[in-house]
Amino acid sequence: MAIEHLTPEMELTMLLAQFHDLKIIRDILIPAESGKTTHIDFLIMTRAGIFVCEMKTFCGTILGNGMSKYWKHYAGESEIDYFSPVLQNLYHMKYLRDFLAPLPYEIHFHSIVIMYRNTGARLEIKPPYPPHTYIVTSVPALQKVMQDVAEQQERLLSDGELEYIFDYIGQNQIRGEEARFAHEQQSFQYKNNARVALMHQICPECRAKLQAYSLPQGKYWICSEYPKCTYRHRM
């Protein structure tokens, strides 16, 4: 019998499943603002709180700042705008807070971005990061973050509270192929709008005009609102 190829998400889930003091939910779709939806890769639920996890797989080199909206992804000769998964996951955490607001529990939320590197890939993201946000590149690093958080947490959820929150998410998340398809279309449109903005020399971050500059590193489109907006893109 052929063994199914495991995705990085599946591998991580199997590794974490060995720990009996946590719960895992993968592939969650919940409401967002303006009637839209948001997709969360997976949640790790412990008595110390909920770890909202965004997982990315990449090759090449990614450079950026923990507080920036866009990072730069260099693959071969290409420079690609890479929407920050740190910012993306902050939105996930916000909508999850709203989703769980009806529950009468004090829940602590933590954002973890897991950057799964292919062979030879390089990641350089400079701090600072938003509060309660962590970037990790391995399961041991993820486990250490969770352990450090648990040791610093003054109040922990009870086993019963954790079980109830787990069941609540499972029962109330959005299900169905139609909802999934609508979310995929929504995500595609968002990414396409950023590409169209670049085609019209408009900054995808603040919507101001882009201006052409020659720098020692090459030719760039730079936002006309610089230094208020620091967006730039290699031509």
### Task
Determine whether segment 102-122 contains at least one residue that is in contact with a helix residue (DSSP H, G or I) (Cβ under 7 Å, 6 or more places away or on another chain) and in a helix (DSSP H, G or I).
no
### Query
Filter segment 167-196 for residues that are of a type in the set (S, T, Y) and open to solvent by less than 50 Å² (accessible area, probe 1.4 Å); which is nearest to the chain's Cα centre (by Cα)?
S187
### Test for S84: is it of a type in the set (S, T, Y) and surrounded by 16 or more Cβ atoms within 10 Å (Cβ to Cβ)
yes
### Query
Going through segment 197-218 one residue at a time, which ones are exposed (fewer than 11 other Cβ atoms within 10 Å of the Cβ) and either closer than 30 Å to L43 by Cβ or not polar (S, T, N, Q) (or both)?
M199, H200, A212, L215, P216, G218
### Query
Inside segment 13-66, can you point out the residues that are among the small types (G, A, S) and either closer than 23 Å to G160 by Cβ or free of Cβ contacts under 8 Å to residues at least 60 places away in the same chain (or both)?
A17, S34, G35, A48, G49
### Task
Determine whether segment 76-98 contains at least one residue that is of a type in the set (S, T, Y), closer than 24 Å to K191 by Cα, in a strand (DSSP E or B) and modelled with pLDDT under 95.
yes
### Task
Enumerate the strands (runs of 3 or more DSSP E) found wholly within segment 18-75, keeping only those where 3 or more residues are open to solvent by 30 Å² or more (accessible area, probe 1.4 Å), closer than 28 Å to Y231 by Cα and not acidic (D, E).
70-75
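The values are calculated or read from the model by the stated rules, or taken from the named source; none is laboratory data. Being a predicted model, the structure only gives us computed values, none of them experimental. Glycine gets a Cβ as well: all are built from the backbone with ideal geometry, and neighbour counts include every protein chain shown. Just the protein is used for accessible areas: all its heavy atoms, side chains included, with ligands, DNA and RNA removed. Shrake-Rupley method; radii C 1.70, N 1.55, O 1.52, S 1.80 Å.
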